[in-house]
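Colleague: To start, I am sharing the structure in question, which I have written as structure tokens.
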Amino acid sequence: MAARNALLKHLRVNVQSRNATPFAFSLNNLFLRYFSSEEVRGSFLNKSEVADRVISVVKNLQKVDPSKVTPNANFQNDLGLDSLDTVEIVMAFEEEFGFEIPDNEADKISSINLAVDFIASHPQAK
């Protein structure tokens, strides 16, 4: 996926429109609108903003003691959560950030730091 994004970031096609009317369909404008480097890369979120939102989500869970939530907290070791609670946290992250976390990636998220790193680097996170 990263290689695809890097390739698309540098891929540009220059197409000249022969029709000079202001409302003419321009393939170049269409391409730049939908495939510009900003669109391909996505707008990544600021890592500190993601950290604040992730901590807020974790603190709002019923089974979590908010005083134990730190940026380095591990869900099982520090917060005493089980695997089912971790699934609930991942679902809360999906709702908060507006994208689906694949199961293979969700299994790797076992701490607040790992959640922040994954979400901040994900192009669909809002």
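Colleague: Within region 56-84, can you find the residues that are open to solvent by 30 Å² or more (accessible area, probe 1.4 Å) and outside any loop (DSSP other than H, G, I, E, B)?
Modeller: SER56, LYS59, PRO66, SER67, LYS68, ASN74, SER83, LEU84
Colleague: Which residues, taken from region 85-126, are crowded, with 18+ Cβ neighbours inside 10 Å and in a loop (DSSP other than H, G, I, E, B)?
Modeller: ILE101, ILE109, ALA125
Colleague: Mind checking which pairs have a first residue in region 70-92 that is more than 16 Å from ASP107 (Cα to Cα) and a second that is of a type in the set (S, T, N, Q), Cβ under 9 Å, 6 or more apart or different chains?
Modeller: What qualifies is PRO71/ASN113; ASN72/SER111; ASN72/ASN113; ALA73/SER111; ALA73/ASN113; ASP78/THR70; ASP78/ASN72; ASP78/SER111.
Colleague: Residues in region 32-69 that are among the hydroxyl-bearing types (Ser, Thr, Tyr) and at pLDDT 80 or above: how many? Spell out the reasoning first.
Modeller: So the first thing to find is which residues in region 32-69 are among the hydroxyl-bearing types (Ser, Thr, Tyr), and the list is 34, 36-37, 43, 48, 56, 67.
If we keep only those that are at pLDDT 80 or above too, we end up with 48, 56, 67.
So the answer is 3.
The values are calculated or read from the model by the stated rules, or taken from the named source; none is laboratory data. Everything quoted here is computed from the prediction, not taken from an experiment. Every residue, glycine among them, receives a Cβ derived from its backbone with ideal geometry; neighbour counts consider all protein chains shown. Protein only, heavy atoms only, side chains kept; ligands, DNA and RNA dropped before computing areas. Shrake-Rupley method; radii C 1.70, N 1.55, O 1.52, S 1.80 Å.
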